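For reference, the structure discussed in these notes is given below.
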Amino acid sequence: KNEVEQSPQNLTAQEGEFITINCSYSVGISALHWLQQHPGGGIVSLFMLSSGKKKHGRLIATINIQEKHSSLHITASHPRDSAVYICAVKKYSGGGADGLTFGKGTHLIIQP
Amino acid sequence: EPEVTQTPSHQVTQMGQEVILRCVPISNHLYFYWYRQILGQKVEFLVSFYNNEISEKSEIFDDQFSVERPDGSNFTLKIRSTKLEDSAMYFCASSAFGPDYNSPLHFGNGTRLTVT
């Protein structure tokens with residue numbers, strides 16, 4: 001069973017729509033990362049969260065530690081937001097590797 | 001803004017050959033990582049490196065793999081005898097502080113390795 005599950009796997013929406021991508025995890029974590037992977041393959045870090053909510057431009061990320069759930073929201077979506085969005089967690093020290101454990105990603109397409 | 005750079009962007013090699021993937025982390029960062037992503041699959045952790053030694057490695061990182069920081073700027077991943085299943089995108093990442101401090105990760109653009 002995957003320790004990090006994302007939904008949906010694929011999402012197509014119209015420009016301007018409000019987008020929500022969900023991430024659930026089954027392990028104890030010290031932080032959760034949201035990453036963006038462009039069609040060329042490069043990965044960009046969007047947020048790192050350990051509690052509450054963060055906002056950067058049109059992107060908002062929230063986390064509920066008790067429910068082991070995080071969401072990434074995109075307001076006023078634009079075709080340039082089209083990418084794969086990846087949730088990754090840092091497991092508690094001693095509970096796993098130094099590295100992050102990744103979800104499979106959500107492939108987002110925003111149509112003009 | 002400082003960035004992590006990886007070379008080459010694409011490497012094609014024959015099975016059994018040795019390859020070295022190169023990375024230049026952000027200059028004041030102390031922790032370095034290699035990740036890989038097989039086509040169509042999720043990103044997987046390979047190894048972390050700090051203070052000139054491996055900090056932790058995953059099950060994937062077997063004796064065919066090695067890492068090195070040969071000078072003050074480069075961080076390399078060597079695959080001794082490549083197999084077809086080593087074909088993947090390999091990402092280097094660096095962070096200012098260690099994983100226990102939840103320091104943001106900065107990724108390079110990746111090296112696509114194709115083993116024929």
Given charges of +1 on the Cβ of Lys and Arg and -1 on the Cβ of Asp and Glu, with all other atoms neutral, how large is the dipole of chain A about its Cα centre, in debye to the nearest 20? 220
Roughly how many Å² of B:T7 are accessible to a 1.4 Å probe, to the nearest 10? 80
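Taking every pair of distinct Cα atoms and averaging 1/r, then inverting, what Kirkwood hydrodynamic radius in Å comes out for the protein assembly as shown?
Answer for the protein assembly as shown: a Kirkwood hydrodynamic radius of 18.1 Å.
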Spelling out what I want: for every residue of segment B:48-54, take phi, set θ = phi - 60°, compute 6.51 cos²θ - 1.76 cosθ + 1.60 (Karplus), and round to whole Hz; glycine and proline get x. 10, 9, 8, 6, 6, 8, 5
Two decimals is fine: what is log10 I(q)/I(0) at q = 0.11, 0.17 Å⁻¹ for chain A, from a Debye sum with one equal scatterer on every Cα and no solvent? -0.32, -0.76
For segment B:4-116: span of alpha carbons on each principal axis (Å, largest first): 39, 29, 24
Amide H proximity to A:A31 below 5 Å, modelled H, separation 5+ or other chain, gives A:K90
State, to one decimal in nm, how far the label point of B:Q14 lies from the label point of A:T12, with both points 7 Å from Cα in the Cβ direction. 4.4
Please state the charge dipole magnitude for chain B, taken about the Cα centre, from unit charges on C-beta atoms (+1 on K and R, -1 on D and E), reported in debye and rounded to the nearest 20. 280
Rounded to whole Hz and in sequence order, give me ³J(HN,Hα) for segment B:3-12 from the Karplus expression 6.51 cos²θ - 1.76 cosθ + 1.60, θ = phi - 60°, writing x for Gly and Pro. 9, 8, 10, 10, 9, x, 6, 9, 10, 10
Enumerate the lysines that A:K68 could reach by cross-link, defined here as Cα to Cα under 29 Å, with residues fewer than 8 away along the same chain left out. A:K1, A:K53, A:K54, A:K55, A:K90, A:K91, A:K104, B:K42, B:K57
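The values are calculated or read from the model by the stated rules, or taken from the named source; none is laboratory data. Computed from a predicted structure; not experimentally measured. Backbone-built Cβ (ideal geometry, glycine too); neighbour counts: all protein chains shown. Accessible surface is based on the protein model in full, side chains and every heavy atom, while ligands, DNA and RNA are left aside. Shrake-Rupley method; radii C 1.70, N 1.55, O 1.52, S 1.80 Å.
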